[in-house]
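K.L.:
This is the structure I have questions about; it appears just below.
Where a number appears in this text, it was derived from the coordinates with a stated rule and is not lab data. Being a predicted model, the structure only gives us computed values, none of them experimental. Cβ placement follows ideal geometry from the backbone for every residue including glycine, while neighbour counts extend to all protein chains displayed.
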């Protein structure tokens, strides 16, 4: 048997090391000129007028919701079937997440179910592009606009994904809602070790986000250091310490330059997965709708009703074969942290997606032979 096959692996090399060394030589390692350059390059990549770097995507989501006026007593409709940071960001505002169910083919929010969850206390929609696959933005934005609600896109996994609009194909993060929030965690296609960003069209909102991420300061470190006169900052509103460092931003700039090639390589691996798994009765492969192009941040299949083995049994069989997997995306409403908000109703598809979903290895270090190995082991385990 060949060596263990990882579920994911960051693509880091000498270019990133050189970028970090360059920044170390400048003596400026906290938020500074590298962060500003990374923000400009990220905004240009996704087609957004503004990008604001943060310490994580969770921080980005929290900042965005606070900046859009979400607070105690409010409700935010979002999926439970998402990493728990989605719901946690709502809770951090003192608001209540109202969980809507998902579509099993895409693992994304079902707009019809979202419509049923809207109520008099709904203050915003928090939509997720799950595992990198864009959600049904057209339908969800129509619901929000009819109610005058802001839309926050949790695009943690979706850098490089695209949606088809009346203007043609556009990248997630333009944004199509009010803001989009990205993650640069090591499992993402672009990593800074950890980190995040908010993109928006609203320059005033971006300025507020920049103040809020740095304790509410009205003057940045860069502005103070560049000034020829003594400058005293002020703190006009409470804020947070949600800054990205220049060391991280330097890595992110190298990573962002590699992203187009990484997307091509990733899609080739997914084509091989589809070739091997399409038509297998025990496995349902993910669906890419006609108006969406995913970056394939993850490849999550679903065990069908024809598979008699449990998710855990299949995962253990794959692990014994030296192949790492992960269960389907979690459901926040099934976690102890959210037990006090229940009972929850109408989330059967979310629960099925968690309990029958299986995330397979997918990263730039894989070969076609690796994909064949995973598929053979999966089908043997599922049968």
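K.L.:
Could you identify which residue out of 234, 197, 67 has the top mean-square fluctuation in a GNM of the chain using Cα springs shorter than 10 Å?
P.N.:
Per the Cα network of the chain with a 10 Å cutoff, 234 tops the list.
K.L.:
Then there's this: Return the distance in nm (one decimal) between the two label points of a simple spin-label model at residue 44 and residue 145, each offset 7 Å from Cα along Cα→Cβ.
P.N.:
Using points 7 Å along Cα→Cβ, the separation is 3.0 nm.
K.L.:
Which value at 222 nm does the chain reach when only helices count, each DSSP H run of 4 or more adding -39,500 (n - 2.57), with the total divided by all residues and rounded to the nearest 500 deg cm²/dmol?
P.N.:
Per the formula, -12000 deg cm²/dmol.
K.L.:
Sticking with this structure for a sec: Pop a pseudo-label 7 angstrom from the Cα along the beta-carbon direction at both residue 116 and residue 236 and give the gap in nm to one decimal.
P.N.:
In this crude label model, residue 116 to residue 236 measures out at 4.5 nm.
K.L.:
Could you tell me what a quarter of the Cα convex hull surface of the stretch 151-268 works out to, in nm² with one decimal place?
P.N.:
9.4 nm²
K.L.:
Taking only the Cα atoms of the chain, how large is their convex hull per residue, in Å³?
P.N.:
Per-residue hull volume (Cα only) is 143 Å³.
K.L.:
What angle do you read, to the nearest 10 degrees and between 0 and 90, between the alpha-carbon axis of helix 311-320 and the longest principal axis of the chain?
P.N.:
With rounding to tens, the tilt is 90 degrees.
K.L.:
On to the next question. In a Gaussian network model over the chain where Cα atoms closer than 10 Å are linked, find which of 161, 227, 183 has the largest mean-square fluctuation.
P.N.:
Fluctuation is largest for 227.
K.L.:
Once the cut-off is 25 Å, how many percent of the Cα-Cα pairs in the stretch 260-382 end up in the long-distance tail?
P.N.:
29 percent
K.L.:
Using a Gaussian network for the chain with springs between C-alpha atoms less than 10 Å apart, which of these wobbles most: 286, 134, 72?
P.N.:
Fluctuation is largest for 72.
K.L.:
How would 273, 235 line up from fewest to most surrounding beta-carbon atoms within 10 angstrom?
P.N.:
Ranked by crowding around the Cβ, least crowded first: 235, 273.
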